[in-house]
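The values are calculated or read from the model by the stated rules, or taken from the named source; none is laboratory data. Values in this document were obtained by computation on a predicted structure and should not be read as measured data. Positions of Cβ are backbone-derived with ideal geometry, glycine not excepted, and every protein chain shown enters the neighbour counts. What goes into the accessible areas is simple: the full protein's heavy atoms, side chains included, and nothing from ligands, DNA or RNA. Shrake-Rupley method; radii C 1.70, N 1.55, O 1.52, S 1.80 Å.
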Amino acid sequence: MAPSFNNQTVIITGAAGGIGRELALTYAREGARVVLADIDQKKGEELVHQIKDEDGQALFIPTDVRKPADIERLMQQSADTWGTLDILINNAGVSRWKNVYELSVDEWDDIININLRGYFLCAREAARYMRRNEKGGAIVNIASTRALMSEKDTEAYAASKGGVIALTHALAVSLAEDRIRVNAVSPGWIHVDPDEALREIDHRQHPAGRVGKPADVARACLYLTDPQNDFVTGANLVVDGGMTRKMIYEA
């Protein structure tokens, strides 16, 4: 039986494009009231119109997760609009590859502030409202397989996503008494750019036989936020087609 999210308010950060966009569409189609939080107002409002055209419920709130005041306003306005705040998907993030010798302190701080500090602030402020609910709530942090394995020149991004996984299990313990479950999803290669052509080898190298899709991440989030799955908390669900379990040798 597919999970039902009727009358559940779901906040998704970084919702205007990529994985976030798919998350918003998926939860809306499952009956949730979706709050889209993003810095891209044009794309955010366009997505609200699409969801409403499909008879869904959606609200766009401009949000820069680097700014604590924006985050506080996001949670307050969401709760004021729909009366409850049930699910948070921390998805906003940036990935910038730069040589380790050239990465500036400001660039490092910006990535950490968006990808890690923003997740903490959003989770903390959302939890203030979730704890009022009889059944608490659920938080999912979008991490990355780059927290577990790396390519060169990914130090800031890898550190931020490693921090997300650690933050997830810490929050799961701290918020347990408020009936709030906290889990992470670590996507591998997810094809989000329709203009990017994929080769056969891109698919074949995955044990699952294909490159990932945003819908794969969305289904993982549905599972982790389904109220029936209340025995799952503090987990990191890897969605990568098996790549982090594959031994790779050069021929």
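Over the chain, calculate the relative contact order: mean separation of alpha carbon pairs under 8 Å at least 6 apart, over the residue count, as a percent.
18 percent
Give the lysines whose C-alpha is closer than 28 Å to that of LYS67, dropping any in the same chain fewer than 8 places away, or say none.
Within reach: LYS42, LYS43, LYS98, LYS161.
Taking 35 Å as R0, compute the FRET efficiency from the Cβ-Cβ separation of ARG204 and ARG73 and round it to 0.05. Don't skip to the end; give the middle numbers.
Numbers: r = 47 Å, r/R0 = 1.34.
FRET efficiency, ARG204 to ARG73: 0.15.
According to a simple spin-label model (label point 7 Å from Cα along Cα-to-Cβ), what is the distance in nm between SER150 and LYS135?
Going from the LYS135 label point to the SER150 one covers 4.2 nm.
Just one of [x] 14.6; [y] 20.9; [z] 22.1 is mean projected area of the Cα convex hull in nm² as worked out from the coordinates here. Which one is it?
Label [x] holds the value from this structure.
Can you compute the charge dipole magnitude of the chain about its Cα centre, using +1 on each Lys and Arg Cβ and -1 on each Asp and Glu Cβ, nothing else charged? Give it in debye, rounded to the nearest 20.
With only Lys, Arg, Asp and Glu charged at Cβ, the dipole is about 600 debye.
Can you give me the three principal axis dimensions of the range 171-251 from its C-alpha atoms, in Å, biggest first?
That works out to 51, 30, 18 Å along the principal axes.
Enumerate the amide H contacts of VAL185 below 5 Å, restricted to partners 5 or more residues apart or on another chain; note that Pro and chain-start residues carry no placed amide H.
Here the answer is ASN141, ILE142, ALA143, LEU237, since their amide H atoms fall under 5 Å of that of VAL185.
Could you report the range 1-150's accessible area per residue, 1.4 Å probe, as an integer in Å²?
48 Å²
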